[in-house]
Amino acid sequence: MNSMHNKTVIETIKENYDQIFWAEKRVADFILENPEVAVNANVSELANKSGVSDATVIRFCKHIGYEGYYQMKLCLSRDLGRMQVSDTGSENAAKDKVSSLFHSYAAELMAIGKKLDEAKLLECANLITGCKQVHIVAVGNTSPLAQYMGFRLGRLGVKCTYHMVPEYFMNHVNLADADDIIVAISQSGTSKQVVQAMELAKEKGLKTIAITGHEYSPVSRLADYLLLSSAEEQSFNYYKSYSRLREIAVIDVLLHFVTNQETIAANKADMPEIILSEYKL
């Protein structure tokens with residue numbers, strides 16, 4: 001990243017605005033007006049929101065000095081993060097910020113717990129324990145969650161596959177038996193390889209569970225069972241947008257149901273919000 005990117009993305013766009021083409025200005029205008037939306041969008045989503053083609057978005061990024069869309073997006077994320085970090089101010093303000101963050105996380109987890117449907121969790125638990133094998137798919141900074149869930153399921157005696165390389169988990173899905181199931185983990189619900197894995201699973205007639213933060217995403221629409229890891233649509237927050245605490249919490253609740261499904265089915269005592277209220281931050 002060269003020295004010009006010590007400037008913010010917003011500054012860079014404004015400095016180059018008169019030199020870019022009219023179609024690219026539509027992308028620039030959208031980012032300038034909606035930076036917190038743009039930073040969470042992929043190329044196609046930003047193109048759609050700006051009313052241009054994917055190629056125009058990429059050309060725009062290069063014309064203002066970035067190597068491509070990914071670099072521009074990383075710089076925009078950095079800029080928004082710096083703005084939020086700078087709000088901490090004094091030592092007391094920093095301490096208040098830490099306390100506020102933990103309270104905010106706790107409130108979010110409780111809100112998620114209230115939205116999770118107990119009957120659906122129990123159905124998912126039954127699906128997991130009754131299948132031949134679970135194939136867990138995730139990419140990027142969510143892929144460690146596939147490893148985490150796979151390890152936990154293995155300790156419970158459930159056979160499963162998971163891999164950080166998309167080609168490997170796509171192969172697992174392709175070779176899956178009719179009695180296997182797919183668990184997809186994607187915070188955005190738009191991860192290309194995860195969507196492809198879900199589409200393949202659909203073609204093969206496999207049952208699918210999705211853990212995602214967006215109810216109307218492609219991954220959500222392809223899933224037989226949807227477990228939302230957010231209570232509402234979230235604006236960009238540097239601390240939370242790259243955190244996977246919410247997804248981990250939903251996974252833990254699901255695993256709790258897998259472990260205790262007979263007791264839960266008998267007395268209906270383990271409501272999701274109660275489990276999440278005891279979640280250790």
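A short reminder: the numbers here are calculations on the coordinates, not readings from a lab. The structure presented is a predicted model; accordingly, all values stated were derived computationally and were not measured. Using ideal geometry, Cβ is built from the backbone for each residue, glycine included, and neighbour counts are taken over all protein chains shown.
Observations on the structure shown:
- Segment Q133..H103, full-extension length gain: 7.0 nm, with 0.36 nm per residue of separation and the alpha-carbon distance subtracted.
- Computed over segment 96-277, relative contact order equals 27 percent, with contacts defined as Cα pairs under 8 Å that lie 6+ residues apart.
- Radius of gyration and maximum dimension Dmax of segment 96-277, Cα, Å: 15.7, 53
- Peptides 59-69, 179-189, 132-142, 110-120 ordered by packing proxy, namely the average of other Cβ atoms within 10 Å per residue, highest first: 179-189, 132-142, 59-69, 110-120.
- Kirkwood hydrodynamic radius of segment 14-80, from the reciprocal of the average inverse Cα-Cα distance over all distinct pairs: 11.5 Å.
- Under 5 Å, built H, 5+ apart or other chain: amide partners of A184: V137, I209, A210, I211
- By average C-beta atoms within 10 angstrom, highest first, the peptides 193-201, 158-166, 14-22: 193-201, 158-166, 14-22
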